[in-house]
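Structure, as structure tokens:
The values are calculated or read from the model by the stated rules, or taken from the named source; none is laboratory data. Treat the numbers as computed from the prediction; the structure is a model and nothing was measured. Reconstructed Cβ throughout: ideal geometry from the backbone, glycine too, with neighbour counts over all protein chains shown.
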Amino acid sequence: MAEYLFKSAWIESIRDKNIFLFFDFDGTLVPIQKNPENCYISPDIKTVLESIQNKIKIGIISGRDLEDIKRRVLIHGIYYSGSHGLEIERENIKYIHPEAKTIKPLIDRIYRRLIEAMRDFKDVFVEKKAFSFTLHYRRVLPEQRNNLKKLFFRILKDFNQEKIKILKGKMVFEVMPAVDWDKGKAVLFIINYFNKKFFPIFIGDDKTDETVFKAIKNTGLAVRIGHSKNTEAIYYLKNQKEIYKFLSTLKEVFNV
């Protein structure tokens, strides 16, 4: 069971280490919003991240598109990864998963079919991304959600199931290329790019973040937003608001 971070000796575990700090975006760096278009990093969080980036490396691993997450954060010099790790970018890294490119036309066809079918559902939002799309149903009336889900899965049966996979999150379904890749593999890819040892820290809040928790829990600090009995994370923060407290503590530890 995860331990509350601020009642642990986590500070001692990071002293004198080369830190590589990774975050999820929605629900971690920013609060979850009913409309995902309203999510932008706050000035306070941005200021702290900018103040510590000369002492530690920073990466953001999001389910959003690469360009989308970059414009919502706008911090130069950090590592960005979009589409659950399928896209990775910094000045010295530009990576796109090759298999994802080949499956993209199929994802686009499914998206067009779904958009047509969902017209009768009020307040459903289908977010198109470069290599995937996400069905957001948080604003759909509770009594309509079961019918929406049935229609969603019925449509998917008409397409090649071996080429796609469905990620289930908080009031969302995401249709992605079925490739052997995830956020955890993306984090390890970025870390292994360097010829030096890093102590990874990752903070996330959703099911897709469990792949990172599992990948680093024996070599770094895996932290979940919100307490859960079913998580690979070793530590947890009570809520998204504690991110600022965590970052402020890091700032003190590294004297910036």
Matching residues, region 1-50, being in a strand (DSSP E or B) and within 22 Å of VAL256 (Cβ to Cβ):
ILE19, PHE20, LEU21, PHE22, PHE23
Which residues, taken from region 77-125, are among the aromatic types (Phe, Trp, Tyr) and touching a His at 6+ places or on another chain (Cβ under 7 Å)?
PHE125
For the list (1) under 21 Å from PHE20 (Cα atoms); (2) without any contact (Cβ under 8 Å) to a residue 60 or more places away in the chain; (3) not polar (S, T, N, Q), I need the number of the one condition that ARG112 fails.
(1)
For region 215-256: of the residues being out of contact with any Lys or Arg (no Cβ under 8 Å at 6 or more places or on another chain) and farther than 26 Å from ASP16 by Cβ, which is surrounded by the fewest Cβ atoms within 10 Å (Cβ to Cβ)?
LYS229
Would you tally the residues in region 108-140 being buried (at least 16 other Cβ atoms within 10 Å of the Cβ) and over 17 Å from LYS150 (Cα atoms)?
6
Tell me yes or no: at least one residue of region 69-77 is in the same structural domain as ARG224 (by TED's automatic domain parsing), touching a strand residue (DSSP E or B) at 6+ places or on another chain (Cβ under 8 Å) and in contact (Cβ under 8 Å) with a residue 60 or more places away in the chain.
no
Would you point out the residue of region 170-225, among those that are part of a loop (DSSP other than H, G, I, E, B) and among the β-branched types (Val, Ile, Thr), that is farthest from VAL30 (Cα to Cα)?
VAL179
Within region 1-37, restricting to residues that are among the aromatic types (Phe, Trp, Tyr) and in contact (Cβ under 8 Å) with a residue 60 or more places away in the chain, the one that is surrounded by the fewest Cβ atoms within 10 Å (Cβ to Cβ) is TYR4
